[in-house]
Amino acid sequence: MRQRRLSREHSMVRIDALPAFQDNYIWLLQNPTTRRIAVVDPGDAAPVLAWLEATPGWRLADILITHHHADHIGGVETLRQATGARVLGPDDERIPARDLTLHDGEEVDVLGCTFRILEVPGHTRSHIAYFHDAVQPWLFCGDTLFAAGCGRLFEGTPSQMHRSLRRLAELPEATLVYCTHEYTQSNLRFAQAVEPDNPAIARRLAEVSAWRAEGRSSLPSNLALERETNPFLRTRETSVKETMTRRSGRAELAPDQIFAELRAWKDNF
């Protein structure tokens, strides 16, 4: 399937997507003034090395890691050995070759942009996100928040993941959401099952389905859109609560319980 080349301009830094594996994206940040780049979650070194070979004169300066899963770190050691790039990531011994270990609330400079670190456990115990707050904010959130969905719970609890998502949902609505998988279409089908009468979900599903039929990507998303169409950010909405109380057969569910029921349903959808 043909891939649309994604790009966003912010100040002097450009963001493109390098497709990897079946549905991963490696986010590529480029500063044309310094001719330096950074990559986020390079599960495979080959797309990054191919870009560098095709674009002479650029240097890989930083490798940003959100969590330890192989499809996010598989290319780290090869890239570090080939380029000498700095490796940044959470406090997790399963992430190789870290030069800088990052914790909640810390700030780090990448290509002249300041990123704030947000600890967002749930998918894994040590998952972090990188947030750049500007006129057009960016969020690199790995597998915590997806477009119209969220990651599976491998190491965390539903309550942890729900808190992490609520934290991300409180960021500015203009924030561009750079997650790392092309799951949007299937996530929206689930969202429509949860809220069949939500017109925003219907519109978005039609739009994304058309894009995917053309081989185009659905990313990045933005938080305003996620608040309208992502059921995992809408656990306090009456329509979501009513669907989940009907499915559970219980008279009333707390928001964390609604989230847990949603995630369990999505796991088998």
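The values are calculated or read from the model by the stated rules, or taken from the named source; none is laboratory data. Keep in mind the model is a prediction, meaning the values are calculated, not measured. Cβ coordinates were reconstructed from backbone atoms using ideal geometry, including for glycine residues, and neighbour counts include every protein chain displayed.
I need a count of the residues in segment 183-224 that are touching an Asp or Glu at 6+ places or on another chain (Cβ under 9 Å) and not small (G, A, S). Can you show your working first?
Our first condition is that a residue be touching an Asp or Glu at 6+ places or on another chain (Cβ under 9 Å); within segment 183-224, this holds for 183, 195, 198, 200-201, 204, 212, 217-219, 222-224.
Pick out the ones that are also not small (G, A, S) and you get 183, 195, 198, 201, 204, 212, 219, 222-223.
Of the residues in that region, 9 qualify.
This table checks each residue for (1) at pLDDT 95 or above; (2) of a type outside the set (G, A, S); (3) under 20 Å from H67 (Cα atoms).
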residue	(1), (2), (3)
G151	yes, no, yes
F154	yes, yes, yes
A174	yes, no, no
Y183	yes, yes, yes
F190	yes, yes, no
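Here's a check for you: in segment 35-69, which residue that is closer than 14 Å to D16 by Cβ and without any contact (Cβ under 8 Å) to a residue 12 or more places away in the chain is surrounded by the fewest Cβ atoms within 10 Å (Cβ to Cβ)?
A54
With the condition kept exactly as written, say whether any residue in segment 154-173 is over 15 Å from the mean Cα position of the chain (by Cα) and among the aliphatic types (A, V, I, L, M).
The answer is no, given that none of the residues of segment 154-173 is over 15 Å from the mean Cα position of the chain (by Cα) and among the aliphatic types (A, V, I, L, M).
Which of the helices (runs of 4 or more DSSP H) contained wholly in segment 184-234 include at least 2 residues that are farther than 21 Å from L171 by Cα? Show your work before the answer.
Numbers: elements: 184-194, 199-213, 223-229.
Counting at least 2 such residues, we get 184-194, 199-213.
Name the pairs whose Cβ atoms lie under 8 Å apart, with the first residue in segment 171-191 and more than 14 Å from G151 (Cα to Cα) and charged (D, E, K, R), the second surrounded by fewer than 23 Cβ atoms within 10 Å (Cβ to Cβ) and modelled with pLDDT of 95 or more, and 6 or more positions between them or separate chains?
Here the result reads E173/N222; E173/L223; E173/A224; E173/R227; R189/L205, each pair linking segment 171-191 to a residue that is surrounded by fewer than 23 Cβ atoms within 10 Å (Cβ to Cβ) and modelled with pLDDT of 95 or more.
Within segment 130-153, how many residues are more than 11 Å from the chain's Cα centre (by Cα) and not hydrophobic (A, V, I, L, M, F, W, C)?
Of the residues in that region, 5 qualify.
The conditions are (1) over 23 Å from R163 (Cα atoms); (2) of a type outside the set (F, W, Y); (3) modelled with pLDDT of 95 or more, and A97 fails exactly one of them. Which is it?
Condition (3) is where A97 drops out.
How many residues are outside any loop (DSSP other than H, G, I, E, B), buried (at least 20 other Cβ atoms within 10 Å of the Cβ) and in contact (Cβ under 8 Å) with a residue 60 or more places away in the chain when one looks only at segment 235-262?
Final tally of qualifying residues: 3.
Which condition from (1) within 22 Å of P158 (Cβ to Cβ); (2) within 16 Å of the chain's Cα centre (by Cα); (3) not basic (K, R) is the one that A260 breaks?
Tallying (1) within 22 Å of P158 (Cβ to Cβ); (2) within 16 Å of the chain's Cα centre (by Cα); (3) not basic (K, R), A260 fails exactly one: (2).
So which pairs qualify, if the first residue must be in segment 96-120 and in contact (Cβ under 8 Å) with a residue 24 or more places away in the chain and under 18 Å from R80 (Cα atoms), the second must be of a type outside the set (D, E, K, R) and surrounded by fewer than 16 Cβ atoms within 10 Å (Cβ to Cβ), the Cβ gap must be under 8 Å, and the two must be at least 6 apart or on different chains?
Short answer, once both residue conditions are applied: L111/T34.
Listed here are the residues, each with its yes/no results for (1) within 30 Å of V110 (Cβ to Cβ); (2) among the aliphatic types (A, V, I, L, M).
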| residue | (1), (2) |
| --- | --- |
| Q136 | yes, no |
| A174 | yes, yes |
| V177 | yes, yes |
| Q185 | no, no |
| A193 | no, yes |
| R203 | no, no |
